[in-house]
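Here the structure comes first, spelled out in structure tokens, and everything after it is commentary.
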Amino acid sequence: MDKILIKGGNSLNGAIPISGAKNAALPIMAASILTEDTLSLSNVPDLADIKTMANLLEPMGVEIAVDRRVNDPQGGQRMDLRAHAIVDTTAPYDLVRKMRASVFVLGPLLARCGTARVSLPGGCAIGARPVDLHVQGLEQLGAEITLDGGYINAAAPRGLRGAKIVFPKVSVGATENLMMAATLAKGETQLVNAACEPEVIDLANCLNAMGADIEGAGCGVIVIRGAPSLHGASYAIIPDRIETGTYAIVTAVTGGRVELVGARLEHIAALAEILVRAGVDVDETENGLSVSRVNGHLKGVDIMTEPFPGFPTDLQAQAMSLMTVAEGAAMITETIFENRFMHVPELMRMGANITVHHGSALVRGVDRLRGAPVMATDLRASVSLVVAALAAEGETVISRVYHLDRGYERLEAKLAACGAEVERLREAS
Ligand code: UD1
């Protein structure tokens with residue numbers, strides 16, 4: 001298993017191109033099931049999770065052609081997906097356990113084929129993460145669902161029917177799954193208390209380009225008028241706001257000035273506000289965003305994770321690394337997932353001063369972190385160790401970096417181009 005070696009202490013200067021959003025691309029790839037025509041996507045990131053989704057879709061009958069555009073400095077792939085005929089409606093345990101987002105095929109399979117069998121994702125490193133809201137919503141659209149042998153068996157032999165679904169809790173995945181299912185349902189569906197994340201809007205825009213009739217994505221109530229069929233489309237995935245936020249935090253913690261090319265301020269407004277209060281400059285530029293901390297110390301700022309437009313849980317770990325070296329204290333409260341502080345013991349091994357009490361972590365700033373061998377536990381926790389290592393004195397070796405490869409495209413190259421000392425230590429598995 002590969003490791004990453006980082007020699008900390010360099011400030012970062014230069015430009016980092018922001019890749020397409022993984023969490024927008026995954027449901028949009030699943031949306032290809034909804035039409036027998038070609039869905040042609042651009043700005044798809046080259047990541048392990050994207051390959052896992054392709055490996056899930058191909059045996060179902062989705063033909064996928066990838067053009068890696070290796071010479072394009074912006075990176076990004078073009079991907080054509082064509083689900084001319086669906087030949088298998090099962091999402092097997094082996095793939096779903098690898099990636100929870102596999103559950104996105106449930107709504108589209110049911111809508112197009114009237115049947116789907118999808119493994120339950122099971123426990124995952126950041127808490128229980130059930131799929132009850134996906135299942136209950138599909139039942140409200142008329143699906144009959146049984147749970148058997150660890151699988152969700154769903155059937156809608158007479159097709160799905162539009163309904164008003166009021167989510168008891170905001171869920172990005174359930175909003176997306178039901179939005180996809182409702183595009184081919186008979187009549188109108190209303191999703192109330194829907195998630196407002198930019199990835200939900202991106203999926204709605206892509207579905208509308210495919211002939212769906214969706215209004216209100218990005219607001220709490222989404223209205224979908226079902227269509228008899230959808231058609232092919234060409235669609236470009238939005239830039240990744242979590243990658244944007246991660247590199248903004250890296251720049252803040254190391255000092256220096258980095259332009260995040262392609263980044264959108266409106267997608268990371270909650271983080272930008274925290275950074276500015278911490279003493280970091282965040283400015284829009286012609287090509288994206290400029291983040292800089294040239295003079296002055298970082299100041300501790302309290303953070304609470306919330307659904308969009310609040311502070312994203314997927315940036316909580318990275319923000320905690322930032323606060324470990326800020327002046328004063330910062331209270332970081334996680335409200336979306338339980339057990340999302342696995343990075344804390346690793347940060348403490350690097351000299352951080354953190355006390356966790358239930359869903360809150362009190363971070364008391366220290367002058368310096370020190371490099372240490374540490375272990376990645378999940379995607380965002382592992383990148384928070386990269387943030388800490390870049391700020392630390394000395395060398396850090398991060399093991400289990402396959403977590404990073406799930407969500408960060410060309411991480412070492414992007415950091416090294418701005419002056420970081422980062423090296424991948426390849427090991428035979
Ligand atoms: C998505 C993102 C993930 C991000 C999360 C929150 C993708 C592929 N992943 O995950 O990176 O951290 O949004 O912004 O887009 N819940 C239930 N029942 C359900 C579904 C969710 O109780 O059926 C709970 C979850 O346990 C969690 C909360 O709802 O406490 C929010 O989860 P949700 O928004 O669904 O996260 P995901 O869509 O899985």
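What follows is calculated from the coordinates using simple rules that are stated; it is not laboratory data. Since the structure is predicted, the reported quantities are computational estimates derived from the model, not experimental observations. All Cβ positions, even for glycine, are placed from backbone atoms using ideal geometry, and neighbour counts span all protein chains on display.
Excluding Gly159 itself, what net charge comes from residues whose Cβ is under 14 Å from its Cβ, given Lys and Arg +1 and Asp and Glu -1? The partial results should precede the final answer.
Values: positive: Arg112, Arg158, Arg161, Lys186; negative: Glu144.
With Lys, Arg at +1 and Asp, Glu at -1, the net is +3.
Can you pull out the GluC sites (Glu not before Pro) in region 307-413 that DSSP calls coil and that have at most 13 other Cβ atoms within 10 Å? Before the final figure, lay out the partial values.
Values: sites: Glu327, Glu334, Glu338, Glu346, Glu393, Glu395, Glu409, Glu412; in loops: Glu334, Glu338, Glu409.
Of the GluC sites (Glu not before Pro), the ones in loops of region 307-413 whose Cβ has at most 13 other Cβ atoms within 10 Å are Glu338.
For the chain, give the share of DSSP beta bridges that are antiparallel, in percent and rounded to the nearest 5; count only bridges with both residues there.
Values: 59 of 84 bridges.
DSSP beta bridges in the chain are roughly 70 percent antiparallel.
What's the extension gain from Val66 to Asn13 if we count 0.36 nm per residue and subtract their Cα-Cα distance? Mind showing how you got there, number by number?
Details: separation 53, 0.36 × 53 = 19.08 nm, distance 3.26 nm.
The Val66-Asn13 span can extend by a further 15.8 nm.
Report the label-to-label distance for Met1 and His297 in nanometres (one decimal), using points 7 Å from each Cα along the Cα→Cβ vector.
Reported label-point gap for Met1 and His297 is 3.8 nm.
Within region 354-429, which trypsin sites (Lys or Arg not before Pro) sit in a loop by DSSP and count at most 10 neighbouring Cβ atoms inside 10 Å? All intermediate terms of the calculation are to be shown ahead of the outcome.
Details: sites: Arg364, Arg368, Arg370, Arg380, Arg400, Arg406, Arg410, Lys414, Arg424, Arg426; in loops: Arg368, Arg400, Arg406, Arg410, Arg426.
Passing both the DSSP loop test and the Cβ count: Arg426.
Using helices alone, I'd like the mean residue ellipticity at 222 nm for the chain: each DSSP H run of four-plus residues gives -39500 (n - 2.57), total over residue count, nearest 500. Don't skip to the end; give the middle numbers.
On the way: 14 runs with 126 residues, N = 429.
Calculated at 222 nm, the ellipticity per residue is -8500 deg cm²/dmol.
So if we plug the beta-carbon distance of Glu423 and His358 into 1/(1 + (r/R0)^6) with R0 = 35 Å, what FRET efficiency do we get, rounded to 0.05? Mind showing how you got there, number by number?
Details: r = 38 Å, r/R0 = 1.09.
It comes to 0.35.
Using the Kyte-Doolittle scale, find the helices of the chain whose mean hydropathy is at least 0.5 and whose Cα atoms extend 18 Å or more along the helix's long axis, counting only whole DSSP H runs. Each step should come with its number before you reach the end.
Details: long enough: 241-254 (20 Å, 0.61); 379-391 (19 Å, 1.93).
Long hydrophobic helices here: 241-254, 379-391.
Tally Lys/Arg at +1 and Asp/Glu at -1 over every other residue whose Cβ is under 12 Å from the Cβ of Gly150; what's the total? Before the final figure, lay out the partial values.
Details: positive: Arg97, Arg117; negative: Asp94, Asp148.
So the environment of Gly150 carries a net charge of 0.
In the Gaussian network model of the chain, springs joining C-alpha atoms below 10 Å, which of Cys196, Cys206, Cys219 carries the largest mean-square fluctuation?
Judging by the Gaussian network model, the answer is Cys219.
Tell me whether region 270-324 comes out rounded, prolate or oblate; compute the Cα gyration tensor, take square roots of the eigenvalues as a ≥ b ≥ c, and use a/c under 1.5 as the rounded threshold. If you can, show how the numbers build up before the last one.
Values: a/c = 2.18, a/b = 1.19, b/c = 1.84.
The shape class here is oblate.
Going by a ≥ b ≥ c, the root eigenvalues of the Cα gyration tensor, does region 117-244 fall in the rounded group (a/c under 1.5), the prolate group (a/b larger than b/c) or the oblate group?
Working: a/c = 1.59, a/b = 1.10, b/c = 1.45.
It comes out oblate by the Cα gyration axes.
DSSP loop (so not H, G, I, E, B), at most 16 other Cβ within 10 Å: list which trypsin sites (Lys or Arg not before Pro) in region 163-248 pass both filters.
Lys169
Under a plain spin-label model, where a point goes 7 Å from the Cα along Cα-to-Cβ, how far apart in nm are Thr335 and Ala155?
That separation, rounded to one decimal, is 4.2 nm.
Could you list, in their original order, any pairs among Lys3/Lys299; Lys51/Lys186; Lys98/Lys186; Lys22/Lys169 whose Cα atoms are separated by more than 30 Å?
Details: Lys3/Lys299 32 Å; Lys51/Lys186 33 Å; Lys98/Lys186 34 Å; Lys22/Lys169 23 Å.
The pairs that break the limit, which is 30 Å between Cα atoms, are Lys3/Lys299; Lys51/Lys186; Lys98/Lys186.
Classify region 325-410 as rounded, prolate or oblate, taking a ≥ b ≥ c as the square roots of the eigenvalues of its Cα gyration tensor: rounded when a/c is under 1.5, otherwise prolate if a/b is larger than b/c and oblate if not. Display every interim value, and only then the final one.
Working: a/c = 2.03, a/b = 1.13, b/c = 1.79.
Oblate, because a/c is 1.5 or more while a/b does not exceed b/c.
Hey, in the GNM for the chain with a 10 angstrom Cα cutoff, which one of Val166, Val280, Val363 fluctuates hardest?
The residue with the greatest mean-square fluctuation here is Val166.
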